[in-house]
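Let me begin by presenting the structure, written as structure tokens, before commenting on it.
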Amino acid sequence: MKKIEAIIRSSKFDEVQEALHEIGITFFSYYDVVGVGNEIKKADHSYRGTVYDSSYIPRRALTIVVRDINLRKTVDCLLATAYTGETGDGRIFVLPVEEAWKIRTKVNGDDSLKGEAEK
Amino acid sequence: MRKIHILLISLFLAFSFSVLNSDIAYAGTSPDPSGTTTGNATDISAAKAGEPTLSEVAEQVGHNKVAINMVWVLIAGFLVMFMQAGFAMVEGGLTRAKNISHTMAMNFLIYPLGMIGFFICGFAFMFGGVGPLATLGGFTGLDQEFTIQLFGHTFGLIGTKGFFLSGTYDVAVFSLFLFQMVFMDTTATIPTGSMAERWKYSSFFIYGLAVGTIIYPIYGNWVWGGGWLSQLGNNFGLGNGQVDFAGSSVVHLTGGVLALVGAKMLGPRIGKFNKNGSANAIPGHNIPMAVIGTFILAFGWFGFNAGSTLAGGDFRIAVVAVNTMIASATGALATVLYMWLFRTKKPDPSMMLNGMLAGLVAITAPCAFVTVQSAALIGLISGVLVVEAVFFIEKYLKIDDPVGAIAVHGVNGAWGIIALGLFADGTYGAGLNGVVTPVTGLFYGNPGQLWAQLIGIAANIIYVGAIGYAVFKLIDMVVGNRVPAKAEMEGLDIPEMGVEGYSGIKLDKGSETPLSR
């Protein structure tokens with residue numbers, strides 16, 4: 001099992017979510033996050049005579065835990081749909097997961113990550 | 001048929017009957033949908049109803065003349081009272097969310113605090129010796145002024161009648177009190193803008209009482225209460241004495257000087273200035289609130305300026321209102337174009353609000369005495385002046401003014417007084433301050449008026465600056481003026497007021513304070 005941490009543009013989120021749904025990835029969490037990076041725009045803020053840089057970049061982070069068999073297709077889907085070509089498209093990190101429990105059924109491991117279609 | 005059917009049919013029949021018979025005449029009068037028969041000789045109070053004598057008609061006419069004036073003064077006063085909401089919105093919108101409960105509470109409580117101070121002794125100091133209230137029925141009871149003799153002339157300094165409005169239980173006095181009290185509260189609320197986000201509420205509370213009792217009324221007496229500045233014309237031949245139609249000096253310059261002294265004594269907000277002297281931006285948290293507030297102020301200003309005729313029957317109110325409106329527009333436009341084309345290349349929203357307010361402040365003194373073209377020019381100049389003033393105060397004086405109060409009210413208040421001395425065109429104001437000639441400025445051949453105006457500005461800055469400094473110094477010794485640094489970083493809402501303004505909304509309070517480099 002692997003955890004995919006994807007930081008993408010907030011404007012791309014709906015497209016990404018629908019694309020993931022089409023390949024069968026329907027369970028994940030996301031949260032709004034701010035960061036620093038290359039997309040900080042120089043001198044675009046101006047308030048009462050003081051001109052300054054934007055200080056942070058707003059993004060959305062997705063946390064998706066998948067079985068090993070689904071890892072490649074999920075990462076490829078994210079890379080394809082979250083892409084715009086402009087600086088600041090985001091990042092994808094893959095981490096190993098030791099245990100994955102479903103609280104309602106108390107099932108652990110690959111079985112707990114199976115989608116409804118496969119049951 | 002069921003009961004409900006009987007009920008509905010009866011209601012329908014009753015309704016039809018009343019509609020078809022809507023011209024039933026009731027005993028005495030028939031209904032008058034177009035107003036042609038309402039109001040006639042029978043409404044005049046007469047011994048024989050419907051047949052008034054000439055003297056009875058004269059009585060009624062005199063009564064109605066005063067009535068128009070009194071109603072006008074009161075309605076205009078209500079409009080100016082609503083400006084308190086405008087100030088609250090502007091200051092709330094241009095300061096940070098973590099302090100909103102404190103900022104709003106200052107702008108709210110200043111209204112009753114100032115009012116009580118004015119009621120206790122402020123009105124007496126300011127208007128105790130103003131003389132007959134000509135437009136409101138001519139009551140002559142406000143006749144006690146303390147004077148001194150200087151250079152062979154009488155210098156009125158302070159009124160001494162009307163404490164707690166006692167001894168003056170007269171409808172004209174009460175109308176005047178309401179109208180003048182809301183002007184005083186406009187002054188009182190100006191420093192809350194420049195001193196926002198680091199002022200201790202207990203210090204503000206004592207200040208609120210001081211401004212209504214002594215700071216505002218004494219200078220006000222000198223200009224509007226029959227005091228020595230108004231008599232510079234009578235005594236020394238300087239035009240009509242210092243003329244200030246609706247309060248560029250009495251209200252706005254006073255407020256601006258207090259704002260300057262207070263902000264200087266408090267010091268800048270944490271994070272505002274860096275070690276090399278450059279300034280960091282601390283943006284306001286709610287531009288919509290500030291815009292709505294500015295419109296509320298612009299609306300209330302119609303009462304502020306046009307109401308200052310103290311007479312609805314004085315048709316100059318039309319000129320006053322249009323001059324006010326035009327100056328507000330050219331002020332805002334001048335500011336936005338100046339910022340956009342020449343300064344930061346962006347049409348800065350908070351500056352355009354200051355621009356409109358600067359135009360309004362600057363036209364407040366001359367609004368009754370200038371042509372509309374002059375009014376447009378005065379507004380235009382104030383729009384550029386306010387931008388340069390904001391930059392000067394921040395970059396050179398190193399005074400932190402979150403909302404631009406010093407630039408808008410102080411600098412443009414002085415400009416408004418000077419503008420009157422320049423642009424007054426001599427078509428109005430004959431007899432003002434006991435001088436027979438109408439109010440005329442330098443550009444229309446009368447340099448004396450400008451001298452009176454300049455003396456008035458100097459007197460304001462010296463008096464208000466000195467007493468403001470003394471009051472703030474005293475308060476500092478008693479309760480302290482500035483909040484502790486920890487409270488300022490956290491946001492004043494909880495440590496000072498006990499409740500968050502936006503309870504339930506997660507605010508990133510730390511990031512709202514810039515890092516001082």
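None of the figures in this text is laboratory data; all of them are computed from the coordinates on show. Everything numeric in this text was worked out from a predicted model, so none of it was measured. For neighbour counting, all protein chains shown are included, and Cβ atoms are generated from backbone atoms with ideal geometry for every residue, glycine included.
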- For B:G122, state whether it is surrounded by 15 or more Cβ atoms within 10 Å (Cβ to Cβ) and of a type outside the set (S, T, N, Q). yes
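Residue-by-condition table, conditions (1) under 30 Å from B:R269 (Cα atoms); (2) surrounded by fewer than 20 Cβ atoms within 10 Å (Cβ to Cβ); (3) polar (S, T, N, Q); (4) under 24 Å from the mean Cα position of the chain (by Cα):
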| residue | (1), (2), (3), (4) |
| --- | --- |
| B:L136 | no, no, no, yes |
| B:T147 | no, yes, yes, no |
| B:G159 | no, no, no, yes |
| B:T168 | no, no, yes, no |
| B:M184 | yes, no, no, yes |
| B:T192 | yes, no, yes, yes |
| B:E197 | yes, no, no, yes |
| B:F204 | yes, no, no, yes |
| B:L209 | yes, yes, no, yes |
- For B:R269, state whether it is charged (D, E, K, R) and away from chain A (no Cβ under 14 Å). no
- Residue count, the range A:27-57 (criterion: outside any loop (DSSP other than H, G, I, E, B), of a type in the set (A, V, I, L, M) and more than 10 Å from every other protein chain (Cβ to nearest Cβ)): 2
- Query: Failed condition for B:D400, given (1) charged (D, E, K, R); (2) away from chain A (no Cβ under 14 Å); (3) more than 16 Å from B:I326 (Cβ to Cβ), with all others met?
  - Reply: (2)
- Note on the structure: Matching residues in the range A:68-113 (charged (D, E, K, R), within 20 Å of A:H21 (Cβ to Cβ), surrounded by 13 or more Cβ atoms within 10 Å (Cβ to Cβ) and free of Cβ contacts under 8 Å to residues at least 12 places away in the same chain) number 1
- Task: Scan B:A365, B:A329 and give me the residue that is crowded, with 21+ Cβ neighbours inside 10 Å and either in contact with a Gly (Cβ under 9 Å, 6 or more places away or on another chain) or farther than 20 Å from B:G307 by Cβ (or both).
- Result: B:A365
- When you look at B:A466, is it of a type in the set (G, A, S), under 15 Å from B:K200 (Cα atoms) and either in a helix (DSSP H, G or I) or touching a Gly at 6+ places or on another chain (Cβ under 9 Å) (or both), yes or no? no
- Assuming B:A311 fulfils every condition listed in (1) in a helix (DSSP H, G or I); (2) farther than 16 Å from B:V370 by Cβ; (3) among the aliphatic types (A, V, I, L, M) apart from one, which condition is it? (1)
- Message: As an exercise: evaluate B:K48 against (1) free of Cβ contacts under 8 Å to residues at least 40 places away in the same chain; (2) among the basic types (K, R); (3) touching a helix residue (DSSP H, G or I) at 6+ places or on another chain (Cβ under 6 Å) and give the number of the one condition it does not meet.
- Response: (3)
- Whichever residue in the range B:338-389 is outside any helix (DSSP H, G or I), in contact (Cβ under 8 Å) with a residue 12 or more places away in the chain and within 14 Å of chain A (Cβ to nearest Cβ) and, among such residues, is farthest from B:V319 (Cα to Cα): B:R343
- Task: Tell me, please, whether a residue that is without any contact (Cβ under 8 Å) to a residue 40 or more places away in the chain and surrounded by fewer than 24 Cβ atoms within 10 Å (Cβ to Cβ) can be found in the range B:459-468.
- Result: yes
- Do we find a residue being of a type in the set (V, I, T), within 17 Å of B:L232 (Cα to Cα) and assigned to a helix (DSSP H, G or I) anywhere in the range B:410-424? yes
